[in-house]
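Visitor: Just dropping this structure here.
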Amino acid sequence: MDSDNLLGEFLRARRELTTPEQVGLLPAGSRRTPGLRREEVAMLAGVSTDYYIRLEQGRERHPSERVLGALMQVLNLTPDAAAHMHQLAHPVPRRSRTPDQPARVKPALVRLIRSWPYTPAIVTGRWMDVLASNQMADALYDGLDHRDNLLRLIFLNPDSRRFYRDWEESARSKVAQLRAIAGADLDDPCLTELVGELSLKSTDFRRMWARHEVSGENVATKRFRHHDVGDLTLTYEVFNINGSPGQKLIVFQAEPGSPSAHALDLLSSLAALTSP
């Protein structure tokens, strides 16, 4: 990945996804490229076209807070995307890297999630590697390849398009979360390897990664289709794990008394029958 002009790449991607109608401009004939023109963004942000072009090309790297605020409004950025843009414009100096140590999940946390008979739960690392799971999560994801990493699962496993009933939305959400996690640290070797592999093997990942969408989503409702218990609508919540940087606990729950809750009960019974 080219990390030399992260702010410019972000601005260009978001400009191309913003339509004239979204910012109150009247259509002005056919356009050779999608989204807004550079001069339109510059006019709406109150800067010169030359200055904005320098921002996109990486020749201007220190925009003021006023300019960033104006661009946030013009490009209709979410709070997560605006925070990401500020991070790209004012990156924190990076500490020298040390060799990565194998990620280990605290034994007490593993015991905790494995004591939950009706609640699927997993622990992930910084780049969405699955580090630990309980019996219910294993049953939920049963039969799916690439379960070692949530991004590989959704982009490299054709069966994921059936498992995730809203596949496009789920896939875009995970890519946006990866952007939020990475921030300006796109030269991390593990991230470089993961993005390289997914870009090589999945045209959908390349398309979504190029959008530069950013999301710090921690609570959402997801719809699944399981081969044994049918359709489930589950709420998942993501919790940071204190003392284990980058690790997150992901917990899935169903609305009490709902058909999905009954499906989870059935899944728990099936998991108990097949457990060693």
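Visitor: Looking at this structure, is Leu112 in the same structural domain as Ser268 (by TED's automatic domain parsing), of a type in the set (A, V, I, L, M) and either in contact with an Asp or Glu (Cβ under 8 Å, 6 or more places away or on another chain) or not in a helix (DSSP H, G or I) (or both)? Give the steps one after another, and end with the answer.
Guide: On the way: in the same structural domain as Ser268 (by TED's automatic domain parsing): yes; of a type in the set (A, V, I, L, M): yes; either in contact with an Asp or Glu (Cβ under 8 Å, 6 or more places away or on another chain) or not in a helix (DSSP H, G or I) (or both): no.
No, not satisfied.
Visitor: Considering Leu112, Leu198, which residue is over 19 Å from Val219 (Cα atoms), modelled with pLDDT of 95 or more, under 18 Å from the mean Cα position of the chain (by Cα) and not polar (S, T, N, Q)? It would help to see each step written out before you state the result.
Guide: Details: Leu112 fails: under 18 Å from the mean Cα position of the chain (by Cα).
None of the other options fit; the residue is Leu198.
Visitor: Could you tell me whether Ser260 is out of contact with any strand residue (DSSP E or B) (no Cβ under 6 Å at 6 or more places or on another chain) and of a type in the set (S, T, N, Q)? Give the derivation first.
Guide: Details: out of contact with any strand residue (DSSP E or B) (no Cβ under 6 Å at 6 or more places or on another chain): no; of a type in the set (S, T, N, Q): yes.
It is false that Ser260 is out of contact with any strand residue (DSSP E or B) (no Cβ under 6 Å at 6 or more places or on another chain) and of a type in the set (S, T, N, Q).
Visitor: Only residues that are of a type outside the set (D, E, K, R) and touching a helix residue (DSSP H, G or I) at 6+ places or on another chain (Cβ under 9 Å): list them for the stretch 144-159, please. Before the answer, list the steps.
Guide: Restricting attention to the stretch 144-159, the residues satisfying the condition of being of a type outside the set (D, E, K, R) are 144, 146, 149-151, 153-158.
Passing the criteria: Leu144, His146, Asn149, Leu150, Leu151, Leu153, Ile154, Phe155, Leu156, Asn157.
Visitor: Starting from the stretch 37-55, take each residue that is touching a residue at least 24 places away in the same chain (Cβ under 8 Å) and list its partners that are of a type in the set (Ser, Thr, Tyr) and assigned to a loop (DSSP other than H, G, I, E, B), counting only C-beta distances under 9 angstrom and pairs at least six apart or across chains.
Guide: These pairs meet every condition: Val41/Thr18.
Visitor: Taking the stretch 119-162, which residues are more than 22 Å from Gly216 (Cα to Cα), touching an Asp or Glu at 6+ places or on another chain (Cβ under 9 Å) and among the acidic types (Asp, Glu)?
Guide: Hits for the stretch 119-162 are Asp142, Asp145, Asp159.
Visitor: Within the stretch 120-168, count every residue that is in a helix (DSSP H, G or I), buried (at least 18 other Cβ atoms within 10 Å of the Cβ) and either touching a Leu at 6+ places or on another chain (Cβ under 8 Å) or among the aromatic types (Phe, Trp, Tyr) (or both).
Guide: Our first condition is that a residue be in a helix (DSSP H, G or I); within the stretch 120-168, this holds for 135-140, 150-156, 160-163, 167-168.
Next, from what is left, pick out any that are buried (at least 18 other Cβ atoms within 10 Å of the Cβ): 135-137, 139-140, 150-155, 160, 163.
Next, from what is left, pick out any that are either touching a Leu at 6+ places or on another chain (Cβ under 8 Å) or among the aromatic types (Phe, Trp, Tyr) (or both): 136, 139-140, 151-153, 155, 160, 163.
Final tally of qualifying residues: 9.
The values are calculated or read from the model by the stated rules, or taken from the named source; none is laboratory data. What you see is a predicted model, and the numbers here were worked out from it, not measured in a lab. We place every Cβ from the backbone using ideal geometry, glycine too, and count neighbours over all the protein chains shown.
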